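Encoded as structure tokens, the structure appears first; notes follow it.
None of the figures in this text is laboratory data; all of them are computed from the coordinates on show. As the structure is a computational prediction, the values presented were derived from the model and not from experiment. As a convention, Cβ positions derive from the backbone with ideal geometry for all residues, glycine included, and neighbour counts pool all protein chains shown.
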Amino acid sequence: MEPGDTVVVRRIDRLGRSLIDVLSNIVNLLRERGVQLRSVSDGIDPATRSGRLTLNMLATVAEYERELIVERVNAGIAAARKGGTRFGRPLSDPVVIADKLRVLPEARAKGRTAEEAARS
């Protein structure tokens, strides 16, 4: 894009993965490069004072909402752990791992390729 170009989007949040990212990074980057932005369904025009105000309010609400989501997720994880739920990969059996590590050099010594050794 070049200065003077206009990016038209259906909704302002379609510009990135999260509304916070769109508002704090992408919109500012476009403005710095002299690229206009138009949102068809939102009716938000970042070139105007009221458009920038609306975007800033949306960013504040989006940040608040994100913090609430993180808080809820962490509370859910804590409750699940309290109830005995374990997260992550299952613990490995050291005997099984030792056997696998022993088989690999033996297969390579017999002339098998690394792929064949790994499969065995």
Task: Dipole of the chain, positive direction: furthest Cα of Ala78, Ile20, Ile97, with charges on the beta-carbon - done: Ile97
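Quote the charge dipole size of the stretch 6-82 about the Cα centre in Debye, to the nearest 20; the model charges only the Cβ of Lys and Arg (+1) and of Asp and Glu (-1).
Values: 13 positive and 9 negative charges, 35 e Å.
With only Lys, Arg, Asp and Glu charged at Cβ, the dipole is about 160 debye.
Considering Cα pairs under 8 angstrom that are at least six residues apart, work out the relative contact order of the stretch 6-82 and quote it in whole percent.
28
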TODO: Enter the Cα centre distance for the pair the stretch 69-88 and the stretch 18-68, rounded to the nearest angstrom.
DONE: 33
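What ranking, highest mean first, results for peptides 75-86, 12-23 when packing means the other Cβ atoms within 10 Å averaged over each residue? Show your work: numbers first, answer last.
Details: 75-86: 9.5, 12-23: 17.3.
The peptides rank, most packed first, as 12-23, 75-86.
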Open item on the list: Ranking request for peptides 49-56, 100-107: highest mean number of other beta-carbon atoms within 10 Å first, then the rest in descending order.
Closed with: 49-56, 100-107
Open item on the list: When a/c reaches 1.5 or more, the comparison of a/b and b/c decides; with that in mind, is the chain rounded, prolate or oblate per its Cα gyration tensor?
Closed with: oblate
Open item on the list: How tilted is helix 94-109 with respect to the longest principal axis of the chain? Cα atoms for both, answer in degrees (0 to 90, nearest 10).
Closed with: 80
